[in-house]
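Below is one structure, written out as structure tokens; comments come after it.
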Amino acid sequence: GKVPALGLGEHDRIAQTASPAFDICVWQFLAAPLVGATVHILPDAQAHDPLALLDAVQAQQLTLLETVPALIRGMLQEVRAQDNLASLRWLLPTGEALPPALAQDWFARFPSIPLMNAYGPAECSDDVAFYPITEAPGDDCLHMPIGRPTANNQVFVLDPDLRCVPIGVPG
């Protein structure tokens, strides 16, 4: 799912930020060899520190970074004028809901670096849906879309009795 959705190729430098005990470490380790890309293993102290993460993206010229919205918020709070993250092709928020205000703040600081809202780790073993975000959501946006299912996956919105709900109905 991630390889075609993100256009992964031999030019990519993927940040490996997840603990080996956490499900997303699998794609972070294994996607790169499939396409000839490189994996950059970040120690936990670096992967969980917003300023160190900013420095790693720039020093290692990382092109893909997947992290939780709380760390993205921390990165935006720590960002310095000289931080441009020029190598970053995609930032993938994952693990918790992406607040629209955070997406707005991201694009206010990094307007040319898109987000790929990665949804699903709480429900299964990895992301099951992606939604590319290339510009800040409007002020009327209450929830960021989770997007479409990845290859070979289906997404169902269910009621408390596990029956499918109609389009537009919360589940």
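Taking each pair of different alpha-carbon atoms in the chain once, compute 1/r for the pair, average those values, and report the inverse of that mean as the Kirkwood hydrodynamic radius in Å to one decimal.
16.7 Å
Highest GNM mean-square fluctuation, the chain, Cα pairs closer than 10 Å: which of Ala136, Ala81, Ala47?
It is Ala81.
In region 73-165, what trypsin sites (Lys or Arg not before Pro) fall in a loop by DSSP, with at most 15 other Cβ atoms inside 10 Å?
Arg80, Arg163
Springs between alpha-carbon atoms under 10 Å, Gaussian network over the chain: tell me which of Pro43, Pro160, Pro99 tops the mean-square fluctuations.
Pro160
Given a 10 angstrom Cα cut-off, can you work out which residue in Ala18, Ala31, Ala59 is the most mobile in a GNM of the chain?
Most flexible of the set in this elastic network: Ala59.
Coordinate-derived values only; no laboratory data. Model, not experiment: these values are computed from the prediction. Cβ atoms come from the backbone with ideal geometry, glycine included; neighbour counts cover every protein chain shown.
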